[in-house]
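Data block below; observations after.
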Amino acid sequence: MFCVAVDDGHGMKTAGKRTPLFPDGSYMPENAYNRAVASYLMDTLKRCGFRVVAVAPGDEDTSLQTRVKRANDAKADAYISIHANAFGSGWNDASGVESWIYSKKDKDTLDAAQKIQSEVIKETGLKDRGIKESGNSLGILRDTKMSAVLVEC
């Protein structure tokens, strides 16, 4: 059975990973968004017959090494990491979706990223910011043994 490792980005208390302040002084941690998207994704994948591994369950920060190990140990066939991109420290009109992969030379991963990116753009109507190579800068993409895509929603 095809297995997908799903990563809901940062923990609830990861410093700086939140929206700018709302008018009432509150904010939304990035993980609140990431976790909701990951939950919908995992439910849909299970309903379609995929095996799913949540590599960072719960609200606590889970190290990148632990996330990678869980996916690799599960022998996942694909890895999807969900994030909410931000620009600057305040609200602005920056928008769009971009997907990150380790290298565009990996045709299976590039194909997966193109399909994910295309569907997210189609369903959200957001600007297509493209697929980008991370090289060695993102350990999640570098150290997993399967096709891995990090989506900045």
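The table below gives the values:
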read-out: Among (1) in contact with a Ser or Thr (Cβ under 8 Å, 6 or more places away or on another chain); (2) open to solvent by 70 Å² or more (accessible area, probe 1.4 Å); (3) in a helix (DSSP H, G or I), the one test that D61 misses; value: (3)
read-out: Matching residues in segment 123-141 - criterion: being within 23 Å of K75 (Cα to Cα) and either modelled with pLDDT of 95 or more or within 14 Å of the chain's Cα centre (by Cα) (or both); value: S134, L138, G139, I140, L141
read-out: Unmet requirement for W91, which otherwise passes all of (1) more than 19 Å from V6 (Cβ to Cβ); (2) without any contact (Cβ under 8 Å) to a residue 24 or more places away in the chain; value: (2)
read-out: Any hit, segment 100-113, residues being touching a helix residue (DSSP H, G or I) at 6+ places or on another chain (Cβ under 6 Å), among the β-branched types (V, I, T), closer than 27 Å to L126 by Cα and modelled with pLDDT of 95 or more; value: yes
read-out: Pair list, Cβ < 6 Å and 6+ apart or interchain, from segment 135-153 residues that are farther than 18 Å from H10 by Cα and touching a residue at least 60 places away in the same chain (Cβ under 8 Å) to residues that are open to solvent by 10 Å² or more (accessible area, probe 1.4 Å) and of a type in the set (D, E); value: M146/D77; S147/D108
read-out: Matching residues in segment 94-113 - criterion: being farther than 24 Å from Q65 by Cβ, of a type outside the set (G, A, S) and open to solvent by less than 90 Å² (accessible area, probe 1.4 Å); value: V97, E98, K104, L110, D111
read-out: Residues located in segment 1-11, provided they are part of a loop (DSSP other than H, G, I, E, B) and more than 13 Å from A84 (Cβ to Cβ); value: M1, F2, G11
read-out: Residue within segment 78-94 that is modelled with pLDDT of 95 or more, farther than 25 Å from R18 by Cα and either assigned to a helix (DSSP H, G or I) or in contact with a helix residue (DSSP H, G or I) (Cβ under 9 Å, 6 or more places away or on another chain) (or both) present; value: yes
read-out: From the options A32, A86, A76, residue that is under 16 Å from the mean Cα position of the chain (by Cα) and buried (at least 18 other Cβ atoms within 10 Å of the Cβ); value: A76
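The values are calculated or read from the model by the stated rules, or taken from the named source; none is laboratory data. Being a predicted model, the structure only gives us computed values, none of them experimental. Virtual Cβ from ideal backbone geometry, glycine too; neighbours counted across all protein chains shown. Accessible surface is based on the protein model in full, side chains and every heavy atom, while ligands, DNA and RNA are left aside. Shrake-Rupley method; radii C 1.70, N 1.55, O 1.52, S 1.80 Å.
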